[in-house]
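Below is one structure, written out as structure tokens, with a few remarks after it.
The values are calculated or read from the model by the stated rules, or taken from the named source; none is laboratory data. Computed from a prediction, not measured in an experiment: that's the story for all the values here. So basically every Cβ, Gly included, is an ideal-geometry build from the backbone, and we count neighbours across all protein chains shown. Ligands, DNA and RNA are stripped out before the accessible areas are found, and what is left, the full protein with its side chains, is counted by its heavy atoms. Shrake-Rupley method; radii C 1.70, N 1.55, O 1.52, S 1.80 Å.
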Amino acid sequence: LMSRRTSTQNLLAYEAAAGVGHHVALSVVGTDRLLKSGFFRAKLAQENLIKASKTPYTIVRATQFFEFVKQIVDYSTEGEKVRMPPALIQPMAADDVANGVASVATAPPVNGTVEVGGPEQFRLDELARRFLAARQDAREVISDPLGRYYGIEVSERALVPDNDARLGQIRFESWLTQTTTHALSSHLQPAGAD
């Protein structure tokens, strides 16, 4: 928390001296609903410093990236079982996050928060099942209302954006197919390779 606060304060000071006209910060949807986590407390502190500065700003709160689903699953794995809460989640591809941030950065500051999310919602346990099935991973996903998301309890809607969020275009199944095909082909050796 201290290092994020210090780095944000330093950045804001340098921006003010340089006359920066638009500070764009990437944050996380649900940050203010997940404060049992030190990471989210630090993100909220960062957002509050930005809001209190004199630099015009836009905070982009993104939903979880597809690219982190494996990490979420691995974090919740005990042996061959994955305990996941059935909370809603609306993940998005990192490419869509980048497009959302670029769109905000090239527009005038809103001096507020913009949310970006994926085009579809899932239950967290179902997302894990789909991910593991696509990877032919035999771990069993157990829907557990007491399951944790990165070690913290989550409410039904803590991980989804508000209704006015800007939505990405890449669907989870398309992303899964593309990344699974890429992962399998990267393990293949060309003929004659040692």
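Key figures
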quantity: The chain: Lys pairs at Cα distance under 27 angstrom, eight or more positions apart or on different chains; calculated: 7
quantity: For the chain, accessible area per residue (1.4 Å probe, heavy atoms of protein chains only), Å²; calculated: 55
quantity: Percent RCO, i.e. relative contact order, over the chain, from Cα pairs under 8 Å lying at least 6 residues apart; calculated: 25
quantity: Cα→Cβ-extended label distance, 7 Å offset, between Ala133 and Arg157, nm; calculated: 2.8
quantity: Mean ellipticity per residue at 222 nm, deg cm²/dmol - from DSSP H runs of n ≥ 4 across the chain, formula -39500 (n - 2.57); calculated: -12500 deg cm²/dmol
quantity: Net charge contributed by nearby residues that have their C-beta within less than 14 Å of Lys36 (K/R +1, D/E -1); calculated: +2
quantity: Cα-only Debye scattering, region 140-179: base-10 log of I(q)/I(0) at q = 0.19 Å⁻¹; calculated: -0.90
quantity: Between helix 172-186 and the chain: long-axis angle, C-alpha atoms, 0 to 90°, nearest 10; calculated: 70
quantity: Among Ala42, Ala52, Ala134: highest mean-square fluctuation, GNM of the chain, C-alpha pairs under 10 Å; calculated: Ala52
quantity: Environment charge at Ala165 (Cβ cut-off 9 Å; Lys +1, Arg +1, Asp -1, Glu -1); calculated: -1
quantity: Along the chain, longest interval not containing exposed GluC sites (Glu not before Pro), exposed being DSSP loop plus at most 15 other Cβ atoms within 10 Å; calculated: 1-79
quantity: Carbon/sulfur fraction of accessible area - the chain, other protein chains in place, 1.4 Å, %; calculated: 53
quantity: Neighbourhood charge, 14 Å Cβ-Cβ cut-off, centred on Ile142 and excluding it, Lys, Arg +1 and Asp, Glu -1; calculated: 0
quantity: Considering only the chain, percent of DSSP beta bridges that pair antiparallel, nearest 5; calculated: 20
quantity: Listed residues Ala165, Ala13, Ala87, most fluctuating in the chain (Gaussian network, C-alpha, under 10 Å); calculated: Ala13
quantity: Phi to ³J(HN,Hα) by Karplus 6.51 cos²θ - 1.76 cosθ + 1.60 over region 99-112, Hz, x for Gly, Pro; calculated: 5, x, 5, 4, 4, 5, 5, 9, 10, x, x, 9, 6, x
quantity: In degrees, nearest ten, helix 38-52 long axis to first principal axis of the chain (Cα); calculated: 30
quantity: Candidates Pro91, Pro161, Pro56: whichever shows maximal mean-square fluctuation once the chain is modelled as a Gaussian network with Cα springs under 10 Å; calculated: Pro56
quantity: Loop-resident sites, region 36-101, for trypsin sites (Lys or Arg not before Pro), counting at most 14 other Cβ within 10 Å (DSSP); calculated: Lys36, Lys54
